[in-house]
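See structure below.
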Amino acid sequence: MKSLSEIALLYDDWANANEVSVEKILVGLDSFADDVREHQRRRADWLTAEAIALRAKALELRTVEATMVEQLHGVSTTPKDRSWTRVSVLND
């Protein structure tokens, strides 16, 4: 199972791939006929919006993971740890 940060990294990779595709589309726009050019512009717009959404989701996943880690650090012992401590004290 992948961690949230690993999934966020995948989202960032997909966003980067979308941005590379957008650049390629925009560079070649002049070589297309008008109807194809408009289609390619819409495609570039969609890919850009998708990249923005992917980056936002990646940030959200990292924030959730950081919050979980922070909350876990606030928990000093588990019930199992507490019972082990009691056994150790009684045995001493």
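The values are calculated or read from the model by the stated rules, or taken from the named source; none is laboratory data. This one's a predicted model, so the numbers in the text were calculated from it and none came from an experiment. Cβ sites come from the backbone with ideal geometry, for glycine too, and all protein chains shown count toward neighbours.
Quick check on the range 18-34: of everything there that is at pLDDT below 95 and acidic (D, E), which residue is nearest to L54 (Cα to Cα)?
D30
Run down R37, R55 and say which single residue is of a type in the set (K, R), assigned to a helix (DSSP H, G or I) and surrounded by 17 or more Cβ atoms within 10 Å (Cβ to Cβ). Spell out the reasoning first.
Details: R37 fails: surrounded by 17 or more Cβ atoms within 10 Å (Cβ to Cβ).
Matching residue, one of R37, R55: R55.
The conditions are (1) modelled with pLDDT of 95 or more; (2) surrounded by fewer than 12 Cβ atoms within 10 Å (Cβ to Cβ), and D13 fails exactly one of them. Which is it?
(2)
Considering the range 25-34 alone, what residues qualify as being part of a helix (DSSP H, G or I) and either under 18 Å from the mean Cα position of the chain (by Cα) or surrounded by 12 or more Cβ atoms within 10 Å (Cβ to Cβ) (or both)? Please lay out each step first, then the result.
Filtering the range 25-34 down to residues part of a helix (DSSP H, G or I) leaves 25-27, 29-31, 34.
I25, L26, L29, listed by residue number.
Counting only residues that are under 29 Å from A15 (Cβ atoms) and either modelled with pLDDT of 90 or more or surrounded by 10 or more Cβ atoms within 10 Å (Cβ to Cβ) (or both), how many does the range 70-92 have?
Going through the range 70-92, the residues under 29 Å from A15 (Cβ atoms) turn out to be 70-72.
Subset that is either modelled with pLDDT of 90 or more or surrounded by 10 or more Cβ atoms within 10 Å (Cβ to Cβ) (or both): none.
Qualifying residue count for the region: 0.
For the range 1-33, give me each residue that is of a type in the set (G, A, S) and farther than 15 Å from L59 by Cβ.
Step one: filter the range 1-33 for residues of a type in the set (G, A, S), giving 3, 5, 8, 15, 17, 21, 28, 31, 33.
Scanning the range 1-33 gives S3, A17, S21, G28, S31, A33.
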